[in-house]
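A.B. asks: Sharing a structure, written as structure tokens. Questions coming.
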Amino acid sequence: MDLKLYTLDRKIGIIGGGQLGKMILDETNKMGLSLSILDPSSESPCCKLSSNFVKGDFNDYDTVTNFGEKHDLISYEIEHINIDALDALVKKGIEVQPSPEILRIIQDKNLQKTFFKKNNFPTSNFTFFKSKKEFINSFKKKNLDFPCVWKKTRYGYDGFGVKVLKSMNDLSELIDSEMIIEDFVPFTKELSVIVAMNKNGDLKAFETVEMEFNSNSNQVEFVISPANISEKTNLNAKKMACDLAKKLNLVGLLAVEMFLTNDGEILINEIAPRPHNSGHFSIDACPTSQFKQHINSIMNLNLGETSHKGCAIMINLVGEKSSNGRVKYENIDLIRNQKGVFIHLYGKKITRPNRKMGHVTVICDNFTTAYKKAKKIKDIIKVKSY
Ligand code: ADP
């Protein structure tokens, strides 16, 4: 589409009404677009913000097709959607971006890893098992070594459904499901690149970022942009993300999570065809945010500039361990008016341990100052219940 011909006529629907949907709406509101949202919860961040909020289960075939049929273009901000319903919508001539084919690969960690291997993208070795019994039988025959990583093939998120197995004792705790067992990667850093591609084939990557995890919850605590890596590694990581986008015939956004090893090798961990937590810094740091770029790419508009000066660090605000109930944000007033500090609260009324409730981005001239400030913010802002 040419921006000169930009109209508000296209009916766009987004499946999923969480914080990612909310930040997509923040962007489309600026363009005068009104998006419909499908989400099962009337407490979801998008519920009060969308002019057409539809309450419904996105794993239900009829709900997804009924929602989709009323639109010209469907996109999504979550991955666990009824894929047959998306296929049916495409058959009826409704555009679904990124394509259901991509989502089908991503929904299943076995298909995803097989795709990486088949197309020669570097990733750790893995074996697929149909059940816990099959895995344990194979283990008894000494086909596997500790440590290794157990992953449920489907419906895992934010580290739930992933477990590092260190000894026999860890096997008893595993649930029975299809799984992959991966080689443990002794990585030095976890990196991410977000790349966008539109129908014209224009391709643009954000700079490689570094994700720092909380050692207890195993959730991302800080996202640092740019990553503290060599320019060679940055370029390699960006190239890998662009190659993946091309191989997948992507239209939309793709987040590519990677491991950097001691000897400078990059291994792809997993990919997500949607805006991603590792790209939130771009709202305040970059001329084009990941949410704007997502809209640009699915609407076939020109892709925007993604580089930024200085250092941006995104801090996830998650519910405190013992807090369950109506949320209060402690000490927000202390940072609210600080220069270079940008607060984003998701509007979720109820907090739970480790639930993502908001984020803060700090932007400074250099990494050292930004990191110091980010650590302080993490220490003083507490997401609690009352
Ligand atoms: P999810 O889909 O739940 O986010 P991931 O595959 O990203 O699951 O795994 C969650 C975390 O577990 C990763 O961010 C990383 O810290 C760790 N991890 C995953 N796979 C491996 C591996 N092969 N070797 C070492 N650590 C891993």
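The values are calculated or read from the model by the stated rules, or taken from the named source; none is laboratory data. None of the values given here were measured: they were computed from a predicted structure. Cβ placement follows ideal geometry from the backbone for every residue including glycine, while neighbour counts extend to all protein chains displayed. Areas reflect the complete protein model, heavy atoms only, side chains present, ligands, DNA and RNA absent. Shrake-Rupley method; radii C 1.70, N 1.55, O 1.52, S 1.80 Å.
A.B. asks: Which one of 312, 335, 358 is farthest out on the positive end of the charge dipole of region 278-366, using unit charges on Cβ (Lys, Arg +1; Asp, Glu -1) and the Cα centre as origin?
C.D. replies: Sorting the options by dipole projection puts first 358.
A.B. asks: Further question on the same structure: What ranking, highest mean first, results for peptides 327-339, 267-279 when packing means the other Cβ atoms within 10 Å averaged over each residue?
C.D. replies: So the peptides 327-339, 267-279, ranked by packing, come out 267-279, 327-339.
A.B. asks: Taking the Cα centre of each part, how many Å lie between region 47-84 and region 100-143?
C.D. replies: Comparing the Cα centres of region 47-84 and region 100-143, I get a distance of 29 Å.
A.B. asks: Sticking with this one: Using only the alpha-carbon atoms of region 110-177, report the extent along each of the three principal axes, biggest first, to the nearest angstrom.
C.D. replies: Cα extents, longest axis first: 35, 27, 20 Å.
A.B. asks: Is there a quick way to get the dipole size of region 136-218? I mean about its Cα centre, with the Cβ of Lys and Arg at +1 and of Asp and Glu at -1; what is the value in debye to the nearest 20?
C.D. replies: Magnitude of the dipole: close to 340 debye.
A.B. asks: Something else now. For region 71-113, count the residues as N, evaluate 2.2 N^0.38 Å, and divide the Cα radius of gyration by that value, please.
C.D. replies: 1.13
A.B. asks: Moving on to the next point. Based on Cα coordinates alone, diagonalise the gyration tensor for region 237-295, multiply each eigenvalue by 5, take square roots, and list the semi-axes in whole Å, largest first.
C.D. replies: After scaling each eigenvalue by five and taking roots: 21, 15, 9 Å.
A.B. asks: Also, I was wondering about something else. Where nothing but the Cβ of Lys and Arg (+1) and of Asp and Glu (-1) is charged, how large is the charge dipole of region 198-302 around its Cα centre, in debye to the nearest 20?
C.D. replies: Magnitude of the dipole: close to 580 debye.
A.B. asks: With a 1.4 Å probe and every protein chain left in place, work out the accessible area per residue of the chain in Å², rounded to a whole number.
C.D. replies: 46 Å²
A.B. asks: Go through 98, 59, 82 and say which Cα lies farthest out towards the positive end of the charge dipole of region 57-104; charges sit on Cβ, +1 for Lys and Arg, -1 for Asp and Glu.
C.D. replies: 98
A.B. asks: Per residue, what volume in Å³ does the convex hull of the Cα atoms of region 116-227 enclose?
C.D. replies: 146 Å³
A.B. asks: Where the centroid of each part is defined by its Cα atoms, how far is region 331-376 from region 196-216 in Å?
C.D. replies: 21 Å
A.B. asks: Can you tell me the dipole magnitude for region 1-115 around its Cα centre, using point charges on the Cβ only (Lys, Arg +1; Asp, Glu -1), in Debye to the nearest 20?
C.D. replies: 220 debye
A.B. asks: How large, in Å, is region 1-115 by the Kirkwood hydrodynamic radius built from its alpha-carbon pairs?
C.D. replies: 14.6 Å
A.B. asks: Projected area of region 63-160, taken from the Cα convex hull and averaged over every viewing direction, in nm²?
C.D. replies: 8.2 nm²
A.B. asks: Would you mind giving the average projected area, over all directions, of the Cα convex hull of the chain in nm² with one decimal?
C.D. replies: If you wrap the Cα atoms of the chain in a convex hull and average its projections, you get 19.7 nm².
A.B. asks: Ok, one more. Enumerate lysine pairs in region 269-370 that are 8 or more residues apart or on different chains, then count those whose Cα atoms are under 14 Å apart.
C.D. replies: 5
A.B. asks: On the first, second and third principal axes, largest extent first, how far apart are the outermost C-alpha atoms of region 185-344 in Å?
C.D. replies: If we take the Cα atoms of region 185-344, the spans are 46, 39, 31 Å.
A.B. asks: Take residue 42, project a point 7 Å from its Cα along the Cβ direction, then tell me which residues of region 52-90 have their backbone nitrogen under 12 Å from it.
C.D. replies: Once the point is set 7 Å along Cα→Cβ of residue 42, 54-56 turn out to lie under 12 Å by backbone N, inside region 52-90.
A.B. asks: Separate question: Using only the alpha carbons of region 21-83, what is the convex hull's orientation-averaged projected area in square nanometres?
C.D. replies: Across all orientations, region 21-83 yields a mean hull projection of 4.1 nm².
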